[in-house]
1. How would you rank 332-340, 14-22, highest first, on the average number of other Cβ atoms within 10 Å across their residues?
2. Heavy atoms only, 1.4 Å probe, whole protein assembly: order Glu157, Glu49 by accessible area, highest first.
3. Pull up all non-local amide H partners of Ile13: gap of 5 or more, or a different chain, and H-to-H distance under 5 Å with H placed in the peptide plane.
4. Report ³J(HN,Hα) in whole Hz for each residue of the range 89-95, in order, from the Karplus equation J = 6.51 cos²θ - 1.76 cosθ + 1.60 where θ = phi - 60°; Gly and Pro get x.
5. Once each part is reduced to its C-alpha centroid, what is the distance from the range 338-357 to the range 399-419 in angstrom?
6. Dipole of the range 1-115, Cα-centred, from +1 at each Lys and Arg C-beta and -1 at each Asp and Glu C-beta, to the nearest 20 debye?
7. Between Gly354 and residues 5 or more places away or on another chain, which pairs have amide H atoms under 5 Å apart, with H built 1.01 Å from N, and which residues are they?
8. Give me the extension gain from Gln198 to His347: residue separation times 0.36 nm, minus the current Cα-Cα distance, reported in nm with one decimal.
Amino acid sequence: MQQSAIPVQNNDIIAAIATPPGRGGVGIIRISGTNLEPFARNLLGKLPEPRYAGLFNFLDQSQQVIDQGIALYFRSPNSYTGEDVLELQGHGGPAVMGLLLDRCLQLGARLAEPGEFTLRAFLSNKLDLAQAEAVADLIEASTTSAARCAVRSLQGEFSSTIHQLVNALTDLRVLVEATLDFPEEEIDFLQSAHAVEQLAAIQTKLEQVLAASRQGNMLQEGIKVVLAGQPNVGKSSLLNRLAGDEIAIVTDIPGTTRDTIRQSIEIEGIPLHLIDTAGLRETSDIVEQHGIARTYAAIEQADLVLLLVDSRYGITEEDRSVLARLPHRLPVLTVHNKIDLTALPPHVAENASGTAVYLSVKNGEGIALLQTTLLKTAGWQANLAGEGAYMARQRHLQALSRTKERLESAAVWLKNADQLEIFAEELRLAQQALSSITGEFSSDDLLGEIFSSFCIGK
């Protein structure tokens, strides 16, 4: 990802068009900086009353009217960025917006970098880092479930939970440091204060947060599902059935699909990124060989593989050969297609080899069973969905995982009274990993990477 050129500290006035490119009934320009009163008087003829919408002429350098619209003024610190903020709501034509933005630049503003308004809110302690990321997640949300989850993170639910864990770790660290400072005391501080129980409680809460965060990450990132199997088992037909459209070409000729075909759908509010692939078989066709190579490359990046087989023959030696090449960490759901050609009803079977769904893509029998089983196999837990999930990014999951590892190590060292210094260090590193989620320990490089993915004007 390209690094942002956002300066971490500056007093510049920044301006940007905050509405999408193109024509619209309303276009918005946002300005933020220190002491915008002279700026507003030059642009509007007078200073708007703070926090009240007013109708104004937007004036050019010659005091001619560029446009007429609504102006809103928010005086520091009572604004989104914590600075003075001026918002202009005019007519949404590209020419009008361009003239108005040029006027802002004439008055001393510069173009805002992507995410710079939200970065300034973070630097002004209006938002912590997790809440700032939730702003971008809300804008990018592709489902209603993801949008609601992002709103809860923006309101601080995820951050509040992280702070509770940090506070619990802080209390335990204080106890340990006191024990290290007074080793000659006869009273065993750690035992009398139930340090083991405190650490166990923190670990239990962390596991709950990690599980809920994984669910939120699925809402944000979606689940990458690869349809794999031998030629003519119904992969492309299944893609079309799930997508509700004729996305892939379907014929009786083996090897019709030569390249990966991607389609995003939604099941129970969860985004699924389906990838139809070339049939896996030995072939001398150069083009088909390239398609098969791309199939295995897609599988390496997948969260789940749907292995389609013909229910008339079950899992063949060729299918076992395909299974042997799949990454061990990757969940596999076997789909026995074409039950319309057998006497089998649609059903889900559990055995030593894993989970299998029996269905007919042709007539749609068993598709609902597949959808439910697919989500379960991918790790979606309905009881943690909705109100219980946190909109977490990969960065958050990695920080929570590092915290878990440090706490597991700390639990080992706690058993050895002669190594409490190492126990204390593990607690410190665990707290540091947790605090990186909300931005209490974040490098400028990390900030640049995060905010560069935002929209300009936000």
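The values are calculated or read from the model by the stated rules, or taken from the named source; none is laboratory data. Remember, predicted model here, so these are calculated numbers, not experimental data. Virtual Cβ from ideal backbone geometry, glycine too; neighbours counted across all protein chains shown. For the accessible areas, the whole protein counts, side chains as well, though only heavy atoms, and no ligand, DNA or RNA atoms are used. Shrake-Rupley method; radii C 1.70, N 1.55, O 1.52, S 1.80 Å.
1. Numbers: 332-340: 22.0, 14-22: 17.7.
My ranking of the peptides, most packed first, is 332-340, 14-22.
2. Ranked list, largest accessible area first: Glu49, Glu157.
3. The answer is Arg110.
4. Result, rounded to whole Hz: 10, x, 6, x, x, x, 5.
5. Cα centres, the range 338-357 to the range 399-419: 45 Å.
6. Details: 8 positive and 10 negative charges, 29 e Å.
Once rounded to the nearest 20, the dipole reads 140 debye.
7. none
8. Going from the current span to full extension adds 49.0 nm.
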